[in-house]
Amino acid sequence: VSLLGSILSNLLLVLGCAFFFGGVRHATQRYDQKSAEAHAAVLVLGAVTMVVPDVLGETKSSRHEDTESDVLSLSRWVSVVLLFSYASLIAFELGISPAPPEISPPLSPSPEALDAECEGV
């Protein structure tokens, strides 16, 4: 329960605060679509791999005596997959993807253009 609370508080509270304060500082925020897709894929993979050993332990507990060793073996393999996917994500972020795009402030009209508009009114 504490692990679930920690995950939810991190996802909701920290991410919400980041969006809020980012919106206060920058009117429009832009995100790299490839990076967001990669992070979403790793998040889904992490959620699925947390559930799989638990489901195996619950379904096999009534039929087999070696359930604990099977679940432990599966958990170890899952941890290797998660470490590999995390390392791949870091390599993607640092090496493959370009530097974060420069976010320029919104363009405001020049004083000459504002004077020309005011004269026409």
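Please determine, by comparing only the residues of the range 1-12 that are among the aliphatic types (A, V, I, L, M) and exposed (fewer than 10 other Cβ atoms within 10 Å of the Cβ), which one is farthest from residue 94 (Cα to Cα). Break it down stepwise before answering.
Within the range 1-12, the first condition is being among the aliphatic types (A, V, I, L, M), and the residues that meet it are 1, 3-4, 7-8, 11-12.
Remaining after also requiring exposed (fewer than 10 other Cβ atoms within 10 Å of the Cβ): 1, 3-4.
Numbers: 1: 34, 3: 29, 4: 29 Å.
So, considering only residues that are among the aliphatic types (A, V, I, L, M) and exposed (fewer than 10 other Cβ atoms within 10 Å of the Cβ), the one farthest from residue 94 (Cα to Cα) is 1.
Do we find that residue 45 is touching a helix residue (DSSP H, G or I) at 6+ places or on another chain (Cβ under 6 Å) and modelled with pLDDT of 85 or more in this structure?
Numbers: touching a helix residue (DSSP H, G or I) at 6+ places or on another chain (Cβ under 6 Å): yes; modelled with pLDDT of 85 or more: yes.
Against the criterion (touching a helix residue (DSSP H, G or I) at 6+ places or on another chain (Cβ under 6 Å) and modelled with pLDDT of 85 or more), residue 45 qualifies.
Is the range 90-107 home to any residue that is modelled with pLDDT under 80, surrounded by 11 or more Cβ atoms within 10 Å (Cβ to Cβ), assigned to a helix (DSSP H, G or I) and among the hydroxyl-bearing types (Ser, Thr, Tyr)?
Within the range 90-107, none of the residues are modelled with pLDDT under 80, surrounded by 11 or more Cβ atoms within 10 Å (Cβ to Cβ), assigned to a helix (DSSP H, G or I) and among the hydroxyl-bearing types (Ser, Thr, Tyr).
Search the range 61-89 for residues being β-branched (Val, Ile, Thr) and at pLDDT below 80, and hand back the single one that is nearest to residue 40 (Cα to Cα). Steps first, answer last, please.
Narrowing the range 61-89 to residues β-branched (Val, Ile, Thr): 67, 71, 78, 80-81.
Those still in the list that are at pLDDT below 80 too: 67, 71.
Details: 67: 32, 71: 26 Å.
The qualifying residue nearest to residue 40 (Cα to Cα) is 71.
Any chance you could count how many residues in the range 18-32 are assigned to a helix (DSSP H, G or I) and within 23 Å of residue 93 (Cα to Cα)? Walk me through it before giving the result.
Taking the range 18-32 and keeping what is assigned to a helix (DSSP H, G or I), we get 18-25.
With within 23 Å of residue 93 (Cα to Cα) added as a condition, the list becomes 18-19, 22.
Within the range 18-32, residues that are assigned to a helix (DSSP H, G or I) and within 23 Å of residue 93 (Cα to Cα) number 3.
Looking only at the range 33-58, count how many residues are among the β-branched types (Val, Ile, Thr) and within 12 Å of the chain's Cα centre (by Cα). Don't jump to the end; show me each part of the working.
Taking the range 33-58 and keeping what is among the β-branched types (Val, Ile, Thr), we get 42, 44, 48-49, 51-52, 55.
Now restrict to residues that are within 12 Å of the chain's Cα centre (by Cα): 42, 44.
Result for the range 33-58: 2.
Give me a count of the residues in the range 13-29 that are exposed (fewer than 10 other Cβ atoms within 10 Å of the Cβ) and in contact (Cβ under 8 Å) with a residue 60 or more places away in the chain.
2
The values are calculated or read from the model by the stated rules, or taken from the named source; none is laboratory data. Treat the numbers as computed from the prediction; the structure is a model and nothing was measured. Every residue, glycine as well, gets a Cβ built from its backbone with ideal geometry; the counts of neighbours run over all protein chains shown.
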